Amino acid sequence: MIVEKKTLLSQHAFGSQHWVGDGFPVRNLFPSNGVADEINPFLMLDYAGPAHFPPSDQPRGVEEHPHRGFETVTIAYQGSVDHRDSAGNAGTIHPGDVQWMTAASGVVHEEKHGREFTATGGTFEMVQLWVNLPAVVKMTPPRYQSITSAEIPSVDLAHGVVARVIAGELSGAHGPAKTFTPITLVDLRLAAGSRATLELPAGQNLGVVLLRGEVSVQGQPMSGEAQIALLSPSGQALELGAETDSLVLLLGGEPINEPVASYGPFVMNTQDEIRQAVADYRAGRMGSLS
Ligand code: MN
């Protein structure tokens, strides 16, 4: 069978650089750099750290805030995140773990550095990705998937290329995350000098996020930190190579072809639905933290 190559469309540096609360110094990979439609159904990606935090007795982070209409996916690399929400879920996301929170009709939550990490201090590194939901799911009850590192299958794609499949399928490995639309989310580690050709589903937009390192994507060089390459939904083959040890996150997803109306932590389809979300939050209809 002939596998068509995906077309490399463009490469972008991160856009804004800012703090989320007092715990997350982030570089925003999109949409602050103008990347939006080409990475649909993904709405936003913040790369926090790597940053050093001294020991403290007060957990840093983001206080209680709402979300509606989409999913927040938190991937911990170094350090940990404590989370609790109005649906009664609480837990700690440790390095290698992924929390996939479907806000849907509405959740209020707080995100803080883990208790132990706060006490010891150290290097903090995390990604938060926002995944849009189709209109039919936006007002359904929230869902919470706490995925531990041990539940995420790891595959050796080639010598020095290790993939952890969080969602979707790659090389016969299936990610544990349940999604509402087809998504391929893969944590990739490439050793210096390694290369591999990956076969990905056709019909999905693809972002190759270089967190750090020096790689080639379809033969084109890409280096530095917090960069993203965008590839066509057509084709399946992705050729990656690494000049230095590199950390990459693959974001594949079938686009959701519906209007997007967004306002801060609310992502709906119309402005009326945004007004309703603001009213519902103010009236306490998304719940509160106990
Ligand atoms: Mn949040």
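Think of it as helices only: each DSSP H run of n ≥ 4 in the chain is worth -39500 (n - 2.57), and spread over all residues that comes to -2000 deg cm²/dmol at 222 nm. In this view, the solvent-accessible surface of His174, computed with a 1.4 Å probe and all protein chains in place, comes to about 130 Å². Computed over the chain, the alpha-carbon pair-distance distribution with 5 angstrom bins reads 1, 6, 12, 16, 19, 18, 13, 8, 4, 2, 0, 0, each value a whole percent. Rolling a 1.4 Å probe across all protein chains gives Lys178 an accessible area of roughly 120 Å². Place +1 on the Cβ of every Lys and Arg and -1 on the Cβ of every Asp and Glu in the chain, take the dipole about the Cα centre, and give the residue among Gly21, Ile256, Leu185 whose Cα lies farthest towards its positive end. Farthest towards the positive pole: Ile256. The order of Ser223, Ser56 by accessible area, most exposed first and with a 1.4 Å probe, is Ser223, Ser56. Take every Cα pair under 8 Å whose residues are at least 6 apart in sequence, average their separation, divide by the length of the chain, and the relative contact order is 21 percent. Charged side chains reduced to their Cβ positions (Lys and Arg at +1, Asp and Glu at -1) give the chain a dipole of some 280 debye around its Cα centre.
Label positions at Leu9 and Thr270, each projected 7 Å from the Cα along the C-beta direction, are separated by 2.8 nm. Dipole orientation for the chain: of the candidates Pro134, Tyr281, Leu157, Tyr281 has the Cα lying most toward the positive pole (charges on Cβ; Lys, Arg +1; Asp, Glu -1). Per-residue extension of 0.36 nm, minus the Cα-Cα distance of Ser232 and Arg285, leaves a gain of 15.1 nm for this segment. Ligands, DNA and RNA left out, the 1.4 Å accessible surface of the stretch 8-253 is 51% carbon and sulfur atoms. In order along the stretch 248-264, the phi-based Karplus estimate (6.51 cos²θ - 1.76 cosθ + 1.60, θ = phi - 60°) of 3J(HN,Hα) comes to 10, 10, 9, 10, x, x, 6, x, 9, 8, 9, x, 10, 10, 10, 8, x Hz; Gly and Pro are listed as x. Residues Thr197, Thr102, sorted by accessible area with the largest first, give Thr197, Thr102 [1.4 Å probe; ligands and nucleic acids excluded].
Toward the positive end of the charge dipole of the chain, with +1 on the Cβ of Lys and Arg and -1 on the Cβ of Asp and Glu, the farthest Cα among Ile93, Leu9, Gln271 is that of Gln271.
Computed from Cα atoms, the angle from the helix 271-282 axis to the main principal axis of the chain rounds to 50 degrees. Centre-to-centre separation between the Cα atoms of the stretch 105-182 and those of the stretch 213-290: 13 Å.
Surface analysis of the stretch 8-253 yields an accessible area of 37 Å² per residue, using protein heavy atoms and a 1.4 Å probe. The H on the amide N of Val107, modeled in the peptide plane, is under 5 Å from the matching H of His67, each at least 5 residues off or on a different chain. Using 0.36 nm per residue and subtracting the Cα-Cα separation, the extra length available between Thr244 and Met139 on full extension is 33.3 nm.
The values are calculated or read from the model by the stated rules, or taken from the named source; none is laboratory data. Everything numeric in this text was worked out from a predicted model, so none of it was measured. With ideal geometry, Cβ positions are generated from the backbone for all residues, glycine too; neighbour counts draw on all protein chains shown. Quick note on the areas: whole protein, heavy atoms, side chains included, nothing else; ligands and nucleic acids left out. Shrake-Rupley method; radii C 1.70, N 1.55, O 1.52, S 1.80 Å.
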